[in-house]
Amino acid sequence: MDHPPPGTPGRLDAPAARLRALPPSCGPVRLIAVDGHAGSGKSTFAGRLAAALGGAPVVRLDDLATHEELFAWTDRVREQILAPLSGGATARYGVYDWVLRRFTREEDVAPAPVVLLEGVGSGRRALRPYLACLLWMEVPEHTSWERGRLRDGPELSAFWDGWVRAERQHFSADPSRPYADLLVRQGAEGYVVRTGPAVTA
């Protein structure tokens, strides 16, 4: 049976095949960024895409950010993830505990054919040279933030107030969407993946 072509609702087999066919971008790895506003569904989509890719590793930027450094994690990504993967070695990075407010453990990520980097700002300027593809979750910021607030509950409302300011500041200085290769939208029948502005421009 033929897979549905890119841009149609349903399974992610076709986008996954498209990503697997890309040339490596970070040593032997095809590093794929899944970016978008907080609350846009990046984590869920990345998990499903990873499954469609046969169990591709997913690095979540929530594990590398901290309360004090919501977006100042570039050096950690470069040193702990990009440098080893570029050399074909297994990367090991610290995982931040948002309750204890400190890094409490480490995770390994092997130099698999495809590795997903998921999180707000994963398509930032400093990381784009290492990316084989940048995907952007096509959900408006206010819709995303409302989803996130509902998900996290009123006890995190103060955190969200600070987050919204920080995210606006980040994307104002270093936008990701204009450089997206693919745009992802969730419809009633599943995800729709279509060509992004970086390709059509």
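Take peptides 48-55, 183-190 and line them up by average Cβ neighbours within 10 Å, highest first, as a rough protection proxy.
Ranked by mean Cβ neighbours within 10 Å, highest first: 48-55, 183-190.
Can you show me the helix-derived [θ] at 222 nm for the chain, built from DSSP H runs with n ≥ 4 at -39,500 (n - 2.57) apiece and divided by the number of residues, rounded to the nearest 500.
-8500 deg cm²/dmol
Quick check: the distance between the Cα centres of region 43-74 and region 127-201, to the nearest angstrom?
13 Å
What are the residues whose amide H is under 5 Å from the amide H of V59, where those residues sit 5 or more places off or on another chain and H is modelled from the backbone?
Excluding prolines and chain starts, which carry no amide H, the hits are L116, L117, E118.
Would you mind ranking E106, E68 by Cβ crowding within 10 Å, fewest neighbours first?
By the 10 Å Cβ count, ascending: E68, E106.
Quick note: the coordinates plus some simple rules give every number you see, no bench work behind them. Please read all numbers here as calculations on a predicted model, not as lab measurements. Positions of Cβ are generated from backbone atoms using ideal geometry, with glycine treated the same way; all protein chains shown enter the neighbour counts.
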